[in-house]
Amino acid sequence: MLSFLVKKIQTFAAKTLGITAPTVFAPSKEISIEGQGLTAVEKIFNRNAVGVTEGKLLHAGSDVRVEVNIVGSQDTTGLMTAQELESMAATVISPIVDGAYQSGCHTASVWDKKAQANIPKLMKFMNDFGVITARDPKGEYHAMTDVIHKVLNDITVDEWAIIIGGDSHTRMSKGVAFGADSGTVALALATGEASMPIPESVKVTFKGDMKEHMDFRDVVHATQAQMLKQFDGENVFQGRIIEVHIGTLPADQAFTFTDWTAEMKAKASICISEDDTLIESLEIAKSRIQIMIDKGMDNHNHVLQGLINKANKRIEEIRTGDKPALTPDANAKYYAEVVVDLDIIVEPMIADPDVNNDDVSKRYTHDTIRDLTFYGGEKKVDLGFVGSCMVHKGDLKIVSQMLRNIEKQNGKVEFQAPLVVAAPTYNIIDELKAEGDWELLEKYSGFEFNDAAPKGEARTQYENMMYLERPGCNLCMGNQEKAEKGDTVLATSTRLFQGRVVEDSERKKGESLLASTPVVVLSAIIGRIPSIEEYKEAVEGIDLTTFVPSIKELVTVGH
């Protein structure tokens, strides 16, 4: 850390004096291949690199220091980040950081004595440091326990940005984002920089047409399954950047893909969007940042207003053609290229922990992707969970639409298993209220969170009804609440590790299978994973998250 800080000071001093920095430290490894274009991540790193040879284009394998645009600190590691900042004698956020956010999502479910003792101290420290905080130390704005990744996705207003966050799911659908430890997050906050090699990339494109009864979550799972099949079981994503040519899907929905890349074991991911799609995503981000401002969350540096200004500038650049949306060069080099065939995705795809596999190394891996038919309409489900950073507003609307349809068909809605629903952000709940969906969810629920009287202890038993929980991580984290021991859980979340969402019991192993929102909702209603026929009937007329691949190649020609 000391050498990093000294390099930062040396670079700043040389730049201020207008001279070349003297060679005191071993020079960074710089790899430049003449005639070879740049991938998207190589372009981003070249733009943000500091202390490198001027005018030299760097390719994968180069070690560089880069300026960081957005930083996120989450509440279970934030206290360590604060300690790191104190040990560095850092008292204020670096002025080159566009924005930073301290979340409260990992301690949202239960406001117990431990959270009450630690979180207010963390929020005050970060707020004083210049970070936008989920909770107001002065108590002037409503506590916002929104999932950190969703907030970071909203406040990232430039697809050329580098984002550092204290969580493995720091994987925005704009820019390139890296999960990091508390020390790296502290360095990014204090210096506005990070140091890392430029990773290799794997290009992902799509062909064919998505079936009407499929949800985009199924495409995400199928991507992993098709990749493993194409490369004879080798995970070519592992440790690399997934450059996904998403094209037409706005950032909210595209985040479902980038978020899952942590489970694909990728280093990070980048979405390549069409110009109009990126503008739509930035407009959504602007509206949500404005809501944060209206709630009183901006600080004396007007960080949030500054982000809106940057978004406006970026939108204008795209519209005028001065700087179109980021695309890789046509002659960029990739470690591998994966083409996802949408035509062969005909059933919902479920990630299964395969807890009884004879080969223990293949349990809890996220690599076992099975279609709905595998379960024969018989596998019992003890609890359903719709929540985590993997869901967006459209998922909550799917829940309300499905419940309304089932009531029309059967005259009532009865749950054969508990259904826990946790919207990822308050903004989404506000939008659902304005559009009439939240009222429907309230109608069918047996429990609704109350911010005036948050739970003081974790729920240990569940009834067969729907629970509307407070925005935040909820069951996905497993640090506050879990399903009952030995349960078979079907969830929209990301984690299927042993003991994470559900622990083993003496009678059987707990298991957390991962699926799309419509599959989870229907499974909670009938108490088992449905057959493909039952599923198709249940989703008829439902607005699922659909995806149409771009009809043009998203590359820059003539590098």
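List of remarks:
- When TYR364, TYR101 are sorted by how many other C-beta atoms sit within 10 angstrom of their C-beta, beginning with the fewest, the order is TYR364, TYR101.
- Bridges between two residues of the chain, per DSSP, are antiparallel at a rate of about 20%.
- Per-residue Karplus couplings for the stretch 513-520, computed as 6.51 cos²θ - 1.76 cosθ + 1.60 with θ equal to phi - 60°, are listed in order as 8, 10, 8, 6, 4, x, 5, 5 Hz, Gly and Pro entered as x.
- Under-5 Å amide H pairs with ILE246, H placed in peptide plane, nonlocal only: ILE272
- Estimated vicinal HN-Hα couplings, Hz - the stretch 154-168 in sequence order (Karplus 6.51, -1.76, 1.60; Gly, Pro = x): 6, 8, 7, 10, 8, 6, 8, 7, 10, 10, 10, x, x, 6, 5
- Taken about its Cα centre, the chain carries a charge dipole of roughly 1300 debye when the Cβ of each Lys and Arg holds +1 and the Cβ of each Asp and Glu holds -1.
- Degrees separating the helix 182-191 axis from the principal Cα axis of the chain, which is the longest one: 40 degrees
- Looking at the chain, the pairs of alpha carbons with a distance over 43 Å make up 16% of the total.
- Put a plus charge on the Cβ of each Lys and Arg, a minus charge on the Cβ of each Asp and Glu, and nothing anywhere else: the dipole of the stretch 348-539 about its Cα centre is then about 80 debye.
- Acute angle (nearest 10 degrees) that the helix 216-230 long axis makes with the longest principal axis of the chain, alpha-carbon atoms: 70 degrees
- Here the stretch 359-493 is treated as an ellipsoid with the same Cα gyration tensor; its semi-axes, largest first and in whole Å, are 25, 20, 15.
- Take every pair of alpha-carbon atoms less than 8 Å apart whose residues are at least six positions apart; their mean separation over the length of the stretch 124-191 yields a relative contact order of 20 percent.
- Using θ = phi - 60° in the Karplus curve 6.51 cos²θ - 1.76 cosθ + 1.60, the 3J(HN,Hα) couplings for the stretch 306-314 round to x, 5, 4, 4, 5, 5, 4, 5, 5 Hz; x is entered for Gly and Pro.
- Rounded Å value of the spacing that divides the Cα centres of the stretch 502-531 and the stretch 396-417: 18 Å
- Cα centroids of the stretch 41-110 and the stretch 321-394: 29 Å apart.
- Across the chain, the relative contact order, built from alpha-carbon pairs under 8 Å that are at least six residues apart, equals 17 percent.
- Among GLN36, SER388, PHE374 the positive-end extreme of the charge dipole of the chain (Cβ point charges): GLN36
- With at most 12 other Cβ atoms within 10 Å, longest stretch of the chain clear of loop trypsin sites (Lys or Arg not before Pro) (DSSP): 139-411
- Degrees separating the helix 393-410 axis from the principal Cα axis of the chain, which is the longest one: 10 degrees
- Comparing LEU79, SER512, THR145 along the charge dipole axis of the chain, the residue lying farthest to the positive side is LEU79, per the Cβ-charge model.
- The calculated pair-distance distribution of the stretch 2-198 uses every alpha carbon pair, bins of 5 angstrom beginning at 0, and gives 1, 8, 16, 18, 18, 15, 10, 6, 4, 2, 1, 0, 0 percent.
- What you get for the stretch 2-198, charging only the Cβ of Lys and Arg (+1) and of Asp and Glu (-1), is a dipole of about 200 debye around the Cα centre.
- For the stretch 167-318, the Kirkwood radius over C-alpha pairs fed into Stokes-Einstein at 20 °C and 1.002 mPa s yields D = 124 µm² per second.
- Global form of the stretch 308-406, assessed from the alpha-carbon gyration tensor, a/c cut-off 1.5: oblate
- Neighbourhood charge, 12 Å Cβ-Cβ cut-off, centred on ILE406 and excluding it, Lys, Arg +1 and Asp, Glu -1: -2
- Kirkwood-based Rg to Rh ratio, the stretch 287-360, C-alpha trace: 1.23
- Sum of side-chain charges, ILE284 neighbourhood, beta-carbon under 12 Å (Lys, Arg +1; Asp, Glu -1): 0
- Farthest toward the positive end of the dipole of the stretch 484-559, out of ALA524, SER493, PRO549, is the Cα of SER493, where the dipole comes from beta carbon charges about the Cα centre.
- Within the shell defined by Cβ-Cβ distances under 15 Å, the residues around ALA483 carry a net charge of 0, with Lys and Arg each +1 and Asp and Glu each -1.
- Projected-area mean, the stretch 421-559, by convex hull of Cα positions, square nanometres: 13.4 nm²
Coordinate-derived values only; no laboratory data. From a predicted model like this one, the values you see are computed outputs, not experimental measurements. Cβ coordinates were reconstructed from backbone atoms using ideal geometry, including for glycine residues, and neighbour counts include every protein chain displayed.
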